[in-house]
Amino acid sequence: MSEKKVYRFPEGFLWGSSTSGPQSEGIVAGDGKTRSNWDAWYQQEPERFFDQVGPEQTSTFYQHYQEDIQLLKETGHTVFRTSIQWSRLMADGVGQVNEKAVAFYRQVFQGIVAQGIKLIVNLYHFDLPYALQEKGGWENKETVYAYERYARTCFDLFGDIVDTWITFNEPIVPVECGYLGDYHLPGVIDAKAAALVAYHTQLASSLAVKACHELHPEHRICIVLNLTPAYPRSDSKEDQDAARIAELFQMKSFLDPSVLGSYPAELVDILKRHAILPPATEEELRIIKENTVDFLGVNYYQPIRVQARSKQPSPDEPLTPHYYFEPYDMPGKKINPHRGWEIYEKGIYDIGINLKEQYGNIEWLVTENGMGVEGEDKFRKQGVIQDDYRIAFIEDHLIELHKAIEEGANCKGYLLWTFIDCWSWLNAYKNRYGLIELNLETQERIIKKSGHWFKKLSENNGFER
């Protein structure tokens, strides 16, 4: 029988989870919340959402936050990340502050801090006030300045409780899904608009960093990026080039300006070649250069595997990232059969080493990692979901993270997605990710086996395998 190995993490390492306002809060009549892009889309096309379940209920955190904060404690949280909904706080994204929202968020934030849990608050999690979407959304530079005002309002209203902030969660996703796909509004294929939206989002993030440091110099602020390493099919130059360009679009387009203060020259050249480089003033580029993040949040679920294109793009082919590469379906890869995503634990090690070697060993947290499973009810025994697969998934990733930290990666914590089963965009409740089961009929919360295990993980600051 093989010996057990103990994986201990550095002193002060943070253990917890992440959620977002639009995926957890729900909507209550009279709460003063206005429509976000997701509320509006669900009203327009409910059939696009799994089982036609929309964002009006989600996991009812708005009503149950006191109970849920207690459950954070019961599952061993020392850190928790959530978000403020712009459409809840400010009417139409630019108007008067909603006092009911201020009272709600202050009570939530104070309740979390009172439990001795480190609080990290995100300003934007895919949820644009629909009034701004109707005016062009992130294609319109006015949205950048509306966001800056919103960020300053949040720092002002909650800065006495919150000292750690996030500007955006996964900003590449609305670009890819809204302007190079049909999974977010406005659901168009338009590379020029995609590049413009990405640039405006980065500028907004940098302006929020600037505002945070001006208003509260002692506070810390980051951006959360879904860093998806690109692995080439082979060692051939063509496949290696394909992987490098895939990472330019998917990772470095926000990572470089956010951490280093400038865009990769090769990415700028590609956008120029296709005549879609966004117009940028010298002052804007200086704002990006001078307002880099204090640390980084990293979401990691899966890698991408790519190969060189089998044939050259035709002259009339629209520009998408796949103009330069094709996906590669690697034989024998490990898959989460419920989500269809590859499970590749070493990716988290590669991210840590890349940040150490190429990005000044910036301090970072894993801000999302997790396993969505459909039909978890079949794993129930004696009233509790026995999600050993989730425990194994977390442990396997933590082993690789531990190795990266031992080799000098500057990672300070691990936050799972997510705390309680939450609503997930077009997928609604198809796949469950939580440490805690949510009964959609009764809203009852039941800690899964993984939730009890996570408490021990946190208390022991590690595990043995």
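The values are calculated or read from the model by the stated rules, or taken from the named source; none is laboratory data. Quick caveat: nothing in here was measured; it's all calculated off a predicted structure. Cβ: placed from backbone, ideal geometry, glycine included. Neighbour counts: every protein chain shown. For accessibility, only protein heavy atoms count, side chains too; no ligands or nucleic acids. Shrake-Rupley method; radii C 1.70, N 1.55, O 1.52, S 1.80 Å.
Could you give the nm distance between label points at E459 and A103, where each point is 7 Å from its Cα heading toward the beta carbon?
3.8 nm
Under 5 Å between amide H atoms, partner at least 5 residues away or on a different chain: which partners does I385 have, H built in plane at 1.01 Å?
Under 5 Å from the amide H of I385: K449.
With N set to the number of residues, divide the alpha-carbon radius of gyration of segment 104-196 by 2.2 N^0.38 Å and report two decimals. List each step's numbers first, then the result.
Details: Rg = 15.8 Å, N = 93, 2.2 N^0.38 = 12.3 Å.
Compactness ratio reported: 1.28.
What does the charge dipole of the chain about its Cα centre add up to, to the nearest 20 debye, if the Cβ of each Lys and Arg holds +1 and the Cβ of each Asp and Glu holds -1? It would help to have the intermediate numbers written out before the result.
Details: 49 positive and 67 negative charges, 143 e Å.
Result for the chain is approximately 680 debye, rounded to the nearest 20.
Please give the net charge around G26, taking every other residue with its beta carbon less than 10 angstrom from that of G26, where Lys and Arg add +1 and Asp and Glu add -1.
Values: positive: K33; negative: E25, D31, E56.
My count for the surroundings of G26 gives -2.
Could you give the dipole magnitude of segment 335-465 about its Cα centre, charging the beta-carbon of Lys and Arg +1 and that of Asp and Glu -1, in debye to the nearest 20?
Working: 17 positive and 22 negative charges, 70 e Å.
With Lys and Arg at +1 and Asp and Glu at -1, about 340 debye.
Measure off, as a whole percent, the carbon and sulfur share of the 1.4 Å-probe accessible area of segment 1-52, all protein chains present. Provide the component values of the computation, followed by the final result.
Details: 1330 of 2740 Å².
So the carbon and sulfur contribution to the accessible surface is 49 percent.
Keeping all protein chains in position, work out how much accessible area M371 exposes to a 1.4 Å probe, and write it in Å² to the nearest 10.
Approximately 20 Å² of M371 is accessible to the 1.4 Å probe.
Please list, by residue number, every one of the GluC sites (Glu not before Pro) in segment 384-418 that is coil in DSSP and has at most 11 other beta-carbon atoms within 10 Å. Walk me through the intermediate numbers first.
Numbers: sites: E395, E400, E406, E407; in loops: E407.
Sites meeting the loop and neighbour criteria: E407.
Give the accessible area for H213 in Å² (nearest 10); use a 1.4 Å probe, count only protein heavy atoms, and leave out ligands, DNA and RNA.
60 Å²
Please report the spacing between the Cα centers of segment 318-370 and segment 97-172 in Å, no decimals.
28 Å
For the chain, what ratio Rg/Rh do Cα atoms give with a Kirkwood hydrodynamic radius? Working shown, then result.
Details: Rg = 21.4 Å, Rh = 22.7 Å.
Here the Rg-to-Rh quotient is 0.94.
Which lysines have a Cα lying under 16 Å from the Cα of K378, excluding residues fewer than 8 positions away in the same chain?
K430, K448, K449
Can you give the Rg and Dmax of segment 1-153 based on its C-alpha atoms, in angstrom?
Considering segment 1-153 through its Cα atoms, Rg and Dmax are 18.2, 66 Å.
Could you compute the net charge surrounding L128? Neighbours are other residues with a C-beta less than 13 Å from the C-beta of L128; K and R count +1, D and E count -1.
Values: positive: R35, R88, K135; negative: D39, D92, D127, E134, E139, E142.
Overall, the nearby charge balance is -3.
At Y323 and E283, where each label point lies 7 Å from the Cα along Cα→Cβ, what is the point-to-point distance in nanometres?
It is 3.1 nm.
Treating only the Cβ atoms of Lys and Arg (+1) and Asp and Glu (-1) as charged, compute the dipole magnitude of segment 108-189 about its Cα centre; round to the nearest 20 debye. List each step's numbers first, then the result.
Working: 5 positive and 11 negative charges, 33 e Å.
In total the dipole reaches around 160 debye.
Averaging over every viewing direction, what projected area does the convex hull of the Cα atoms of segment 392-465 cover, in nm²? Spell out each step's value before the answer.
Numbers: hull surface 24.8 nm².
That works out to 6.2 nm².
Check which residues have an amide H placed less than 5 Å from N226's amide H, if you skip close sequence neighbours.
Residues meeting the criterion, in which the H sits 1.01 Å from N, are E170, I172, N299.
With every protein chain present, what is the per residue accessible area of the chain (1.4 Å probe, Å²)?
Working: 18940 Å² over 465 residues.
In whole numbers, the chain has 41 Å² accessible per residue.
Determine the share of segment 336-465's accessible area contributed by carbon and sulfur atoms, expressed in whole percent, with a 1.4 angstrom probe.
Numbers: 2280 of 4920 Å².
The nonpolar share, carbon plus sulfur, comes to 46 percent.
Taking every pair of Cα atoms in segment 151-296, average 1/r, invert it to obtain the Kirkwood radius, and report Rg/Rh to two decimals.
Values: Rg = 16.5 Å, Rh = 16.3 Å.
Computed over Cα atoms, the ratio is 1.01.
State which entries of K381/K455; K272/K346; K73/K346 exceed 23 angstrom in Cα-Cα distance in the structure shown.
Numbers: K381/K455 20 Å; K272/K346 35 Å; K73/K346 30 Å.
Over 23 Å Cα-Cα: K272/K346; K73/K346.
Given the C-alpha centroids of segment 262-308 and segment 397-465, what is the distance between them in whole angstrom?
The distance from the Cα centre of segment 262-308 to that of segment 397-465 comes to 30 Å.
Go through N361, Y349, V373 and say which Cα lies farthest out towards the positive end of the charge dipole of segment 349-401; charges sit on Cβ, +1 for Lys and Arg, -1 for Asp and Glu.
Ranked along the dipole, the leading option is V373.
Leaving out ligands, DNA and RNA, what percent of the accessible area of segment 232-278 is carbon and sulfur, probe 1.4 Å? The partial results should precede the final answer.
Working: 1130 of 2140 Å².
Accessible surface attributable to carbon and sulfur in segment 232-278 totals 53 percent.
Just check segment 247-348 against the gyration tensor rule for me: Cα atoms, a ≥ b ≥ c as the square roots of the eigenvalues, rounded for a/c under 1.5, and otherwise prolate or oblate depending on whether a/b exceeds b/c. Before the final figure, lay out the partial values.
Values: a/c = 3.28, a/b = 1.29, b/c = 2.54.
Judged from the Cα gyration tensor, segment 247-348 comes out oblate (a/c at least 1.5, b/c at or above a/b).
Please compute the alpha carbon radius of gyration of segment 10-74, then divide it by the globular-protein estimate 2.2 N^0.38 Å. Two decimals is fine.
1.42
Taking the Cα centre of the chain as the origin and placing charges on Cβ (Lys, Arg +1; Asp, Glu -1), which of V384, Y105, L440 is farthest toward the positive end of the dipole?
The one lying farthest along the dipole's positive direction is V384.
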